[in-house]
Amino acid sequence: MRKILVLEDETSIRSFVVINLNRAGYEVIEAGTGAEAFEQLGKHPDIKVAILDVMLPDTDGFEVCRKIRTSDPNVGIIMLTARTQEMDKVTGLMTGADDYITKPFSPAELTARVDALYRRTGTVEVVDSSELIQGPFRLNTKNRTLEKSGERIKLTQVEYSIMKMFMDNPGTALSREDILNTVWGRDYFGELKIADVNIRRLRIKIEDDPTNPTFITTVWGFGYKWGL
Ligand code: CA
């Protein structure tokens, strides 16, 4: 059974999410507070995806996201944000979320986003070659790990997928659409901005000076290019 954590204190929204995810074949573990969420994550280590509301009675969803990330980079995280809180999306992604859904959302949108994230985090790809080495970077495609000058850099699954795409295509300008299609899948119907925010986060982890990136350069009006 594919297990998902849903953290939302508003019972009407939580029921809506639970019913639709059950219908889509997921087993849903529910939590109404941050404390409950951590309790449930402890009890169910096989949870692969977590949906986190931002406004909670005891904490906020970003804090929960940050804490989950420090202990497990592999859990897929989707933030539930309010339409008026545009900054929430960026803040959420910068604290380590993989995606966000803006309230109100349709059942189709919810399940499409969850399915896409679940596919990325829940599957183990079979690979033959196990290492890509370029400049100071060493990407192990078997263990999905990255080292820079021998130092391990912790990546989320999305960041790993972006890094892999770059290292597979050195010196090639990749459009934001290409990146979205490869990393999020062709059926993803989010915004292009999600690629930008994830890349901004990746730059903070891998660049010597993230404000003046030299490995991942911007191709204005188009996308990004990986080079050494
Ligand atoms: Ca709430």
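The values are calculated or read from the model by the stated rules, or taken from the named source; none is laboratory data. Because the structure is predicted, anything quoted here is derived from the model rather than measured. When we count neighbours, we look across all protein chains shown, and the Cβ atoms used for this are built from the backbone with ideal geometry, even at glycine. Only protein heavy atoms, including side chains, enter the accessible area calculation; ligands, DNA and RNA are left aside. Shrake-Rupley method; radii C 1.70, N 1.55, O 1.52, S 1.80 Å.
Points to keep in mind about this one:
- Take the range 89-228 with all the other protein chains still there, run a 1.4 Å probe, and you get 47 Å² of accessible area per residue.
- Each Lys and Arg contributes +1 and each Asp and Glu -1, all at the Cβ; summed about the Cα centre of the chain, the dipole is approximately 460 debye.
- Sulfur and carbon atoms: percent of accessible area, the range 95-179 [1.4 Å]: 47
- In this structure the amide hydrogen of Leu56, modeled in the peptide plane, comes within under 5 Å of the amide hydrogens of Gly61, none closer than 5 places in sequence on its chain.
- Karplus (6.51, -1.76, 1.60) ³J(HN,Hα), θ = phi - 60°, over the range 131-140, in Hz, Gly and Pro reported as x: 9, 10, 10, 9, x, x, 9, 10, 9, 9
- Compared with the dominant principal axis of the Cα atoms in the chain, helix 157-168 is inclined by about 20°.
- Lys3 long-range amide H proximity, modeled H, under 5 Å: Glu27, Lys48
- 0 to 90° range, to nearest 10: angle between helix 61-71 axis and the chain longest Cα axis: 60
- Helix-derived mean residue ellipticity, 222 nm - over the chain, DSSP H n ≥ 4, -39500 (n - 2.57), to 500: -12000 deg cm²/dmol
- Karplus 3J(HN,Hα) series, Hz, for the range 201-208 with 6.51 cos²θ - 1.76 cosθ + 1.60 (x for Gly, Pro): 5, 5, 4, 4, 7, 10, 7, 5
- Evaluated over the Cα positions of the chain, the convex hull gives a direction-averaged projected area, one quarter of its surface, of 12.5 nm².
- In sequence order, calculated HN-Hα J values of the range 216-228 (Karplus, 6.51, -1.76, 1.60; Hz; x Gly/Pro): 9, 9, 8, 9, 4, x, 10, x, 9, 9, 9, x, 10
- Lys43/Ala82 FRET efficiency (R0 41 Å; Cβ-Cβ; nearest 0.05): 0.90
- Over 27 Å between alpha carbons, listed pairs Lys43/Lys67; Lys43/Lys193; Lys3/Lys148: Lys43/Lys193; Lys3/Lys148
- Residues with amide H under 5 Å from that of Gln134, placed H, sequence gap 5 or more: Leu139
- Take the convex hull of the alpha carbons in the range 6-45; its mean projected area over all directions comes to 2.6 nm².
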